[in-house]
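Bear in mind these aren't lab numbers, they're just calculated from the coordinates by the rules spelled out. Here the structure is a predicted model, which means the values were calculated and not measured. Counting neighbours? That spans all protein chains shown, and the Cβs are built from the backbone with ideal geometry, glycine included.
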Amino acid sequence: MKTLYIDIETSPNLAYVWSLWRENIPLDRLVDAGQVLSVSWKWRGDKKVTFVSDHSPGHRGMLDETHAALSAADLVVHYNGGPFDIPHLNREFLLAEMAPPAPFQQLDLLRQVRKQFRFPSNKLAHVSTALGLEGKVKHSGFDLWVRCMAGEASAWREMEEYNKRDVVLLEELHDRLGGWLPGAPNARLHSGDETVCPQCGAGDLRREGHAYTQLGKYQRWQCRACGAWSRSSTRVSGTQVRSVS
Ligand SMILES: [Zn+2]
């Protein structure tokens, strides 16, 4: 299974505003819509981290390379990419008159973190450091975006370092969350091996009780590597009759 970790950086919308406080901006005061400035990604199990940007190889080149990476992925892992990164990229692809990338499954780690745990903040910076990971690279603030948009080479180097670190952090967080990610794509389907953990692909499952539905009893397993729970799809025993309500 080819797993891609991806993160984008965008430029802000530019608009005329009358006030710095509590103002809704009508569309006719929008001067310039924000766009994707850079994209970084890495493949699971591969050390190389790729960074493409408006600066290099340029906007269209950035889109072409990102489109190819997404198309080659079975699973795309991101942090808030469900409502943010992927739709931003899709809009860019559409504007550039590109076809959709080949379909891929998505795992939004923010969605999982929000749903399953109660951290005081769900920001990647907080969650990752709370879990003992090294966290994000500090950047010089909004000024960094302004300098990048002005084409300053040193600012782009800083953006590259920042964007790349987020992607490495994504993989670390994915590993750290381990068996807490239900419904992730089934590693068995991809490996063709019926004895591995459907979550992480490790071949170290322990029989741990049974799982019951209305109609059947199934062998339940826990992975010794990631802690994920799974169950066999064939029944140990069952019944043909279920209650109705
Ligand atoms: Zn596992």
Ranked by how many other beta carbons lie within 10 Å on average, peptides 162-172, 193-203 from highest: 162-172, 193-203
For the stretch 194-238, the fraction of alpha-carbon pairs in successive 10 Å shells from zero, as %: 32, 49, 18, 0
The chain: C-alpha pair distances exceeding 28 Å, %: 45 percent
Formal net charge of residues neighbouring Thr213 (Cβ-Cβ distance under 11 Å; K, R +1; D, E -1): +4
Check: the stretch 3-180 dipole with +1 on Lys, Arg Cβ and -1 on Asp, Glu Cβ, in debye: 660 debye
Listed residue (Leu177, Gln219, Phe117) projecting farthest to the positive dipole end of the chain, Cβ model: Gln219
For the stretch 141-187: Kirkwood Rh in Å [reciprocal of mean 1/r, alpha carbons]: 12.9 Å
Length released on extending from Thr129 to Glu65, taking residue separation times 0.36 nm less the Cα-Cα span: 19.9 nm
Value of [θ]222 nm, deg cm²/dmol, for the chain, DSSP H segments ≥ 4, -39500 (n - 2.57) each, nearest 500: -9500 deg cm²/dmol
Contour excess over end-to-end distance, with Cα ends at Glu158 and Trp18 and 0.36 nm allotted per residue: 47.1 nm
